[in-house]
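**Q** Before I ask anything, here is the structure I am working with.
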Amino acid sequence: MIHGKCTGTAYSLFDVLDIVHRAGLPAEDRVIDDPGLIEWRGGGPYDWDNTT
């Protein structure tokens, strides 16, 4: 969610960076570690379960 609006579902770190970029936020690798910008649910920036 960005500003309270659902902006998409990410299945990889690249998806997250794409969503961040499309929202006009700085698409830099360091933003993924900033808890003020991204709230991780069910994992984190380097923890992906792509078995589904």
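Just so you know, all these numbers are worked out from the coordinates, no wet-lab data involved. Treat the numbers as computed from the prediction; the structure is a model and nothing was measured. Every residue, glycine among them, receives a Cβ derived from its backbone with ideal geometry; neighbour counts consider all protein chains shown.
**Q** Enumerate the calculated ³J(HN,Hα) couplings along region 7-20 in order (Karplus 6.51 cos²θ - 1.76 cosθ + 1.60, θ = phi - 60°), each rounded to whole Hz, writing x wherever the residue is Gly or Pro.
**A** Karplus values, whole Hz, x for Gly and Pro: 10, x, 10, 9, 10, 7, 4, 5, 4, 4, 4, 5, 4, 4.
**Q** Here is a follow-up. With θ set to phi - 60° and the Karplus curve 6.51 cos²θ - 1.76 cosθ + 1.60, what are the ³J(HN,Hα) couplings of region 36-41 in order, to the nearest whole Hz, using x for Gly and Pro?
**A** The phi angles translate into x, 9, 10, 9, 8, 10 Hz.
**Q** Can you tell me the length gained on complete extension of the stretch Y11 to D47, counting 0.36 nm per residue apart and subtracting the Cα distance?
**A** Here the answer is 11.9 nm.
**Q** Using only the Cα atoms, work out Rg/Rh for region 1-42, with Rh taken as the Kirkwood radius, to two decimals.
**A** The Rg/Rh ratio comes out at 0.90.
**Q** Given the DSSP H assignment, sum -39500 (n - 2.57) over each helix run of at least 4 residues in the chain and divide by its residue total; what's the result at 222 nm in deg cm²/dmol, nearest 500?
**A** That comes out to -5500 deg cm²/dmol.
**Q** To continue, here is another question. For M1 paired with R30, estimate the spin-label separation in nm (one decimal), with each label point 7 Å from Cα along the Cα-to-Cβ line.
**A** Using points 7 Å along Cα→Cβ, the separation is 2.8 nm.
**Q** Would you mind checking which residues have amide H under 5 Å from I2's amide H? H placed 1.01 Å from N; only 5 or more apart, or other chain.
**A** T7
**Q** Under 8 Å for C-alpha pairs, at least 6 residues apart: give me the relative contact order for the chain, rounded to a whole percent.
**A** 28
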